[in-house]
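As structure tokens, the structure follows; a few thoughts come after it.
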Amino acid sequence: DFFVDGNPVVRFSKIQFSGWGPTEMSSDELFTRVVKPYFSGDYAPHGSASYKAVRLLYTNQVIQVGDVCMQVEATEPGGLGIVSTSSEIFANWDQTPEFQKVHIIPFQDTLPRAYTFDLFNDYLKPFLAGNVQKKFSINELFTYQGVQFKMVACEPATAVARIGKGTTIFC
């Protein structure tokens, strides 16, 4: 089968990644240790001699490479596309800290009444796993599968931070 309707996949002229993980890196280290290996071997940039396949990328996509997460922050042109040998690649280490502790509560009137559920495993865990790049602050509201939540406390209290593997979650 061939897809012949719609716009062709674009070649990015520019793409920007931000990375974060357990060990802080400089922008050069992030590029050398994470971005460059991600686009090597069979997945080398389109147009290079060794490429056999391409990676489709889009803005806000989160990519896990080892223990480092990378997010596509911006692309030019926008939309779905590929990296080619002529693409300019920018990589920056995200300095956003990770919370030590958070307390997240649901709004009772949004909880399901027709069946039993586990608040953490059925709602919070899948939401957080799908939003590893999200930065939170105290009193922030979010909704997952119709249930609305609020972060009522966090340490440090004044921070804008991520909820990560080292964060203790109370709910």
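All of the numbers you see were taken from the coordinates with simple rules; none came from a lab. Computed from a predicted structure; not experimentally measured. So basically every Cβ, Gly included, is an ideal-geometry build from the backbone, and we count neighbours across all protein chains shown.
Things to note:
- Under-5 Å amide H pairs with Glu73, H placed in peptide plane, nonlocal only: Gln16, Phe17, Ser18, Asn60
- Measure of compaction for segment 10-93 (Cα Rg per 2.2 N^0.38 Å): 1.01
- Nearby lysines by direct alpha-carbon distance to Lys165 (threshold 27 angstrom, same-chain neighbours under 8 apart not counted): Lys36, Lys101, Lys125, Lys134, Lys135, Lys150
- Sequence-distant residues sharing a close amide H with Tyr144 (under 5 Å, placed H): Phe149
- Working note: Karplus 6.51/-1.76/1.60 with θ = phi - 60° gives segment 158-165 the couplings 9, 8, 9, 8, 9, 9, x, 5 Hz, where Gly and Pro are set to x.
- Segment 10-93, relative contact order [Cα under 8 Å, separation at least 6], %: 52
- 5 angstrom amide H check on Glu98, placed H, neighbours 5+ away: Arg162
- Option label - semi-axes √(5λ) of the Cα gyration tensor in Å computed here, alternatives (1) 28, 19, 14; (2) 36, 21, 13; (3) 29, 27, 11: (2)
- Listed peptides 69-80, 101-112 appear in the order 69-80, 101-112 once ranked by packing, highest mean of other Cβ atoms within 10 Å at the front.
- MRE, 222 nm, helices only [DSSP H, n ≥ 4, -39500 (n - 2.57), over the chain, to nearest 500]: -1000 deg cm²/dmol
- Most mobile of Asp94, Asp118, Asp28 in a GNM of the chain (Cα contacts under 10 Å): Asp118
- Applied to segment 117-125, the Karplus parametrisation 6.51 cos²θ - 1.76 cosθ + 1.60 on θ = phi - 60° returns per-residue 3J(HN,Hα) values of 8, 10, 3, 6, 6, 8, 10, 5, 4 Hz, with x for Gly and Pro.
- Across segment 97-102, rounded Karplus estimates of 3J(HN,Hα) from the backbone phi angles (6.51 cos²θ - 1.76 cosθ + 1.60, θ = phi - 60°) give x, 10, 5, 7, 9, 9 Hz, Gly and Pro being marked x.
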